[in-house]
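Here's the structure, in structure tokens; my notes come after.
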């Protein structure tokens, strides 16, 4: 019996933030929104997917953004992605401390930390 992969990463969000999340995860990061099952859709939030990653953003009543815990998302064009983020008003914070990768951190529209990495 072994773990064979990650199905999704769950992040929290405040109620009513779904339009902001869609603009960021779909409009800027280029992910696709996934329809939630009706019983879960009633709770709010949104799910997003790319070829290799699925992120679930769920409404949390006493929401506080994750400043330390975060998903690390691999990209094949970090420079291009950061350019798109900057054009959308998102600040990238570069970090050179991970050998073998170029990486930076950004915050989603509700303040959750997202790490973006590209192997060198």
Condition met for residue 70 (surrounded by 12 or more Cβ atoms within 10 Å (Cβ to Cβ), in a loop (DSSP other than H, G, I, E, B) and out of contact with any helix residue (DSSP H, G or I) (no Cβ under 7 Å at 6 or more places or on another chain)): yes
Counted residues in region 15-49 being in contact with a strand residue (DSSP E or B) (Cβ under 7 Å, 6 or more places away or on another chain) and either within 20 Å of residue 76 (Cβ to Cβ) or surrounded by 12 or more Cβ atoms within 10 Å (Cβ to Cβ) (or both) come to 17
Output for region 9-24, where each listed residue is under 12 Å from the mean Cα position of the chain (by Cα) and either under 18 Å from residue 67 (Cα atoms) or modelled with pLDDT under 95 (or both): 9, 10, 11, 12, 13, 21, 24
Any chance you could count how many residues in region 76-120 are outside any strand (DSSP E or B), within 20 Å of residue 47 (Cβ to Cβ) and touching a helix residue (DSSP H, G or I) at 6+ places or on another chain (Cβ under 9 Å)? 3
Report, by residue number, each residue of region 72-102 that is in contact (Cβ under 8 Å) with a residue 40 or more places away in the chain and either out of contact with any strand residue (DSSP E or B) (no Cβ under 9 Å at 6 or more places or on another chain) or more than 12 Å from residue 118 (Cβ to Cβ) (or both). 84, 85, 88, 90
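The values are calculated or read from the model by the stated rules, or taken from the named source; none is laboratory data. On a predicted model such as this, the values are computed, not experimentally measured, just so you know. Neighbour counts are summed over all protein chains in view; Cβ atoms, including those assigned to glycine, are modelled from backbone coordinates with ideal geometry.
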